[in-house]
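Notes follow once the structure below has been shown.
The values are calculated or read from the model by the stated rules, or taken from the named source; none is laboratory data. From a predicted model like this one, the values you see are computed outputs, not experimental measurements. Glycine also receives a Cβ, built like all others from the backbone with ideal geometry; neighbour counts cover every protein chain displayed.
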Amino acid sequence: MAFAQVVIGPPGAGKTTYCNGMKEFLTSLGRKVAVVNLDPANDILPYEAAVDIADLITVSDVMDKLKLGPNGGLVYCMEYLEKNVDWLKTKLSALTGQYVLFDCPGQVELFTHHNSMRNIVALLQKWNFNLVAVHLVDSHYCSEPSKFISVLLTSLSTMLQMELPHVNILSKIDLLEKYGKLAFNLDFYTEVLDLQYLLQYMEGDQFLKKYKKLNEALIGLVQDYSLVSFVTLNIQDRESTLDVLKVIDKANGYVFGDLEERNMQTLMSCAVGADFEYFKTASAQEKYMTEDKQVPSVKERHEDRGTEES
C-alpha cells in the first residue's frame, strides 16, 4: 500500500511549486518522497521527477505531428497515457515504500468532465495507492464575487468527477490582497457559508446585476451539495504547510497507516482537529489580510442567529 497526492488545479495555481515545496517539507519530516510529473506540457521542473510523462509523450510533439492546439494536444496526451498505462505501472513499481506526489496538467476540462484522468486515477487505486485529490486554486479569485462563484463551481465539478477524498486549497495566501482588499472575512471564503452575501455585494455591479437569477441558481447549487470548503496555504510557510498536510494525511488515511510510528496523541489531534479550523483561518487572516470587513465573520453570524432564535 502506498500513499499519494493527486495535485490538480487550473493553470497558474502553483501545482509544480506546491509539489516541489511539499517534497522538501515531507523529506524534512523523514518521509521518502517521489514526485511523478504527469503534465506533458511541463518541460521546466524545479524538482527531480522520479517518473516523467515526457519520456512517453509531450504536448509539443503532438502539436507538431498532429497539428493540434495546446488544449487538444493535452487531451490527446492523457488519452495516450490511458492507453499505455502499463508504462506508468512499470515506472511506479520502482517507487515501493515512497510517498508519491502526482503533478497533474492544468487543463480544467481534464478534471471536470473528461474521463481519461478519472480512469487513470481509478487504476492507481487498483494498484493499491491511497489517494487524495489536492485541488489548488489561486486565492486571488476571492477578490471578485463572480470569480469566486466560478471557482466554487469548478471545485464542485472536480470533486464529483474525480470521486476521491478531496482537499480544496486557496494557494498563494500570502498574496491574497495583492489584487485588492477583500469584501469579506477570510472564513467566508474558506467555510463557503451564507453565499447570499455575494449576491448582495454584486447588486452594485450593473453588468452582474443582469445575471442575478443565474447567480442565485449557481449559488443554490453549491449550497445544496454542501461539499466545498477550503484550507489556506503559503507553501513558503512551514506552519501553513503543516496545517495543510494534517488535513491531507487524514483524507488519504496516512495518519492511520503503518509507514511511521503513530501514537495516541497524534490520533487524538486528528479527532479534534476540526474544532480548531476557525482559529487557523483567523490566524491566516491576521497575518495576510487587512481589517474592517463589511460583514461579520461566520462564527459571529451564527452567534447572532442563535441569539435571534432564542
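Of all residues in segment 28-40, those that are buried (at least 20 other Cβ atoms within 10 Å of the Cβ), among the hydrophobic types (A, V, I, L, M, F, W, C) and in a loop (DSSP other than H, G, I, E, B) total 1. Within segment 246-267, is even one residue modelled with pLDDT of 60 or more, in a helix (DSSP H, G or I) and within 24 Å of residue 181 (Cα to Cα)? So far as segment 246-267 goes, no, none of its residues is modelled with pLDDT of 60 or more, in a helix (DSSP H, G or I) and within 24 Å of residue 181 (Cα to Cα).
Note on segment 157-175: residues that are polar (S, T, N, Q) and either surrounded by fewer than 17 Cβ atoms within 10 Å (Cβ to Cβ) or closer than 20 Å to residue 246 by Cβ (or both) amount to 3. When 44, 57 are checked against the criterion of being of a type outside the set (Gly, Ala, Ser), assigned to a loop (DSSP other than H, G, I, E, B), without any contact (Cβ under 8 Å) to a residue 60 or more places away in the chain and in contact with a Leu (Cβ under 8 Å, 6 or more places away or on another chain), 57 stands alone in meeting it. Do any residues in segment 19-41 that are free of Cβ contacts under 8 Å to residues at least 40 places away in the same chain have Cβ atoms under 6 Å from those of residues that are hydrophobic (A, V, I, L, M, F, W, C), where the two are at least six apart or on different chains, and which pairs are they? Close Cβ pairs satisfying both conditions: 27/33. Scanning segment 214-239 for residues that are of a type in the set (D, E, K, R) and either within 25 Å of residue 7 (Cα to Cα) or within 18 Å of the chain's Cα centre (by Cα) (or both) yields 237, 238, 239.
Looking across segment 194-228, just one residue is at pLDDT below 80, in a loop (DSSP other than H, G, I, E, B) and either touching a Pro at 6+ places or on another chain (Cβ under 9 Å) or surrounded by 12 or more Cβ atoms within 10 Å (Cβ to Cβ) (or both), and that is 205. Pairs meeting the criteria (first residue in segment 206-219 and without any contact (Cβ under 8 Å) to a residue 60 or more places away in the chain, second residue surrounded by 10 or more Cβ atoms within 10 Å (Cβ to Cβ) and of a type in the set (A, V, I, L, M, F, W, C), beta carbons under 8 Å, at least 6 apart or on different chains) are 209/202; 212/199; 212/202; 216/199.
Scanning segment 116-154 for residues that are touching a Ser or Thr at 6+ places or on another chain (Cβ under 9 Å) and of a type in the set (S, T, N, Q) yields a total of 2. Listed conditions (1) crowded, with 19+ Cβ neighbours inside 10 Å; (2) within 16 Å of the chain's Cα centre (by Cα); (3) over 19 Å from residue 78 (Cβ atoms); (4) touching a residue at least 60 places away in the same chain (Cβ under 8 Å) are all met by residue 3, apart from (2). The lone criterion from (1) modelled with pLDDT under 95; (2) surrounded by 14 or more Cβ atoms within 10 Å (Cβ to Cβ); (3) under 30 Å from residue 152 (Cα atoms) left unmet by residue 25 is number (1).
If we scan segment 114-133, do we find a residue that is charged (D, E, K, R), outside any helix (DSSP H, G or I) and without any contact (Cβ under 8 Å) to a residue 40 or more places away in the chain? No, that holds for no residue. Residues in segment 141-193 that are polar (S, T, N, Q), assigned to a helix (DSSP H, G or I) and in contact (Cβ under 8 Å) with a residue 12 or more places away in the chain: 143, 146, 154, 155, 157, 158, 161, 190. Candidates 154, 112: the one that is surrounded by fewer than 20 Cβ atoms within 10 Å (Cβ to Cβ), more than 23 Å from residue 239 (Cα to Cα) and β-branched (Val, Ile, Thr) is 112.
The set of residues in segment 97-113 being under 22 Å from residue 245 (Cβ atoms) and part of a loop (DSSP other than H, G, I, E, B) consists of 97, 98, 104.
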